Amino acid sequence: MILTEGKTKQIDCIEQMLPIRDALDVISGKWKVLILTSIMHGNRRFTEIQTSIPKINPKVLSKELKDMEEHQLIKRIVHDDHPVLIEYIATDYSRSLKKVMMELHSWGVNHRKQLLGK
């Protein structure tokens with residue numbers, strides 16, 4: 001099968017986009033990066049995470065934590081104390097996002113300056 005140059009460029013573009021889409025599928029949304037940032041800054045308990053992120057409701061936080069655990073970004077640790085203590089910690093895998101998150105922060109600061117002059 002012979003591909004035209006246009007088709008080859010389209011296939012190359014799709015191959016470049018797929019990993020980006022996969023990454024965005026894992027970290028996209030209003031809350032995931034904020035939750036991960038909170039956990040990376042030492043907030044390990046549900047209420048600590050919730051308190052550190054303005055306007056997140058408990059139901060959404062619970063759903064996002066489960067999703068992040070499924071994607072191996074965080075680990076849920078249950079301590080069999082009385083009462084039961086549950087902690088969330090960042091995985092080594094999620095720490096590989098730290099550079100990306102720092103770049104997003106830098107871009108966001110510059111974007112605010114560009115749009116708002118701040």
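The values are calculated or read from the model by the stated rules, or taken from the named source; none is laboratory data. Quantities reported herein were computed from a predicted structural model and do not represent experimental measurements. All Cβ positions, even for glycine, are placed from backbone atoms using ideal geometry, and neighbour counts span all protein chains on display. SASA here: full protein model, heavy atoms, side chains in, ligands and nucleic acids out. Shrake-Rupley method; radii C 1.70, N 1.55, O 1.52, S 1.80 Å.
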Exercise. Take the solvent-accessible surface of the protein heavy atoms, probe 1.4 Å, and return the percent of it on the chain that carbon and sulfur atoms account for.
Key: 57 percent
Practice problem: Give me the distance in nm between label points sitting 7 Å out from Cα along the Cα-to-Cβ direction at Arg95 and Met40, one decimal. | Solution: 1.2 nm
Self-check item: Highest-fluctuation residue, Asp81, Asp25, Asp92 considered, GNM on the chain with Cα pairs under 10 Å
Solution: Asp81
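Can you classify region 16-118 as rounded, prolate or oblate using the Cα gyration tensor, where a ≥ b ≥ c are the square roots of its eigenvalues, rounded means a/c under 1.5, and otherwise it's prolate if a/b beats b/c and oblate if not?
Working: a/c = 2.23, a/b = 1.56, b/c = 1.43.
Here region 16-118 falls in the prolate category.
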Quiz item: For region 41-99, what is the accessible area per residue in Å² when the probe is 1.4 Å?
Solution: 73 Å²
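How big is D for region 10-71, in µm² s⁻¹ as a whole number, if Stokes-Einstein is applied with the Kirkwood radius of its Cα pairs at 25 °C and 0.890 mPa s? List each step's numbers first, then the result.
Details: Rh = 12.9 Å.
It diffuses with D of about 191 µm²/s by this estimate.
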Quiz item: Roughly what would the spin-label model give for Lys63 and Gln10, points 7 Å off Cα along C-beta, in nm?
Solution: 3.6 nm
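Between Lys30 and Ser106, what FRET efficiency comes out of the Förster formula 1/(1 + (r/R0)^6) with R0 = 25 Å and r the beta carbon distance, rounded to 0.05?
The formula returns an efficiency of 0.80 here.
Once the other residues with Cβ under 15 Å from the Cβ of Val109 are scored (Lys, Arg +1; Asp, Glu -1), what is the net sum? Could the numbers behind the result be given before it?
Working: positive: Arg112, Lys113, Lys118; negative: Glu103.
Local net charge: +2.
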